[in-house]
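One structure below.
The values are calculated or read from the model by the stated rules, or taken from the named source; none is laboratory data. Predicted model, so just to flag it, every value in this text is computed and none were measured. Every residue, glycine as well, gets a Cβ built from its backbone with ideal geometry; the counts of neighbours run over all protein chains shown.
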Amino acid sequence: KKRKKLHDEGFAAWLAEARQFYGGLLREDDDDLRLTQRLRLRLGDLERYAGRHDAARTSYRRVGEDAAAWNALGVLAEKDCLLVTAAYCYVRALSVRPPTEPRQKDAVERNVRRLARRAKAASCSSSEGEETKQGS
């Protein structure tokens, strides 16, 4: 238990430091669009890992048309059992132009297959999310 507590405290400190670092870079480099998008994506990832899903969604939505951001939004929607929203996000991730790099495309396609299996198995009860009624 002591070891886990130390790990959790260390992770929390690292996360706070990383949030501050990325936030500072965003304020400094707003004129470089691609860098700003990457920073917002990484900040969203940090928020997601910390369990702050609303903050993560905000960061991902501010990225713009980016396959990784749409994929991450799909993952968050799927965690909330919003399967229709997850499917929409994954389709958006696959349709970003210019075409998605192969590694990202593979990740999105794996998520789509998992979502399809989950929808087929009806693994979300209707009390977990409103959209599951549409997917059942």
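For region 49-64, filtering for residues that are in a helix (DSSP H, G or I) and modelled with pLDDT of 90 or more leaves 9.
Residues are listed down the side, and each one gets a yes or a no for (1) touching a helix residue (DSSP H, G or I) at 6+ places or on another chain (Cβ under 6 Å); (2) closer than 22 Å to residue 36 by Cβ; (3) not hydroxyl-bearing (Ser, Thr, Tyr):
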residue	(1), (2), (3)
76	yes, yes, yes
94	yes, no, yes
100	yes, yes, no
106	no, no, yes
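Mind checking whether some residue in region 17-34 is modelled with pLDDT of 90 or more, more than 20 Å from residue 107 (Cα to Cα), out of contact with any strand residue (DSSP E or B) (no Cβ under 7 Å at 6 or more places or on another chain) and of a type in the set (S, T, N, Q)? No: zero hits.
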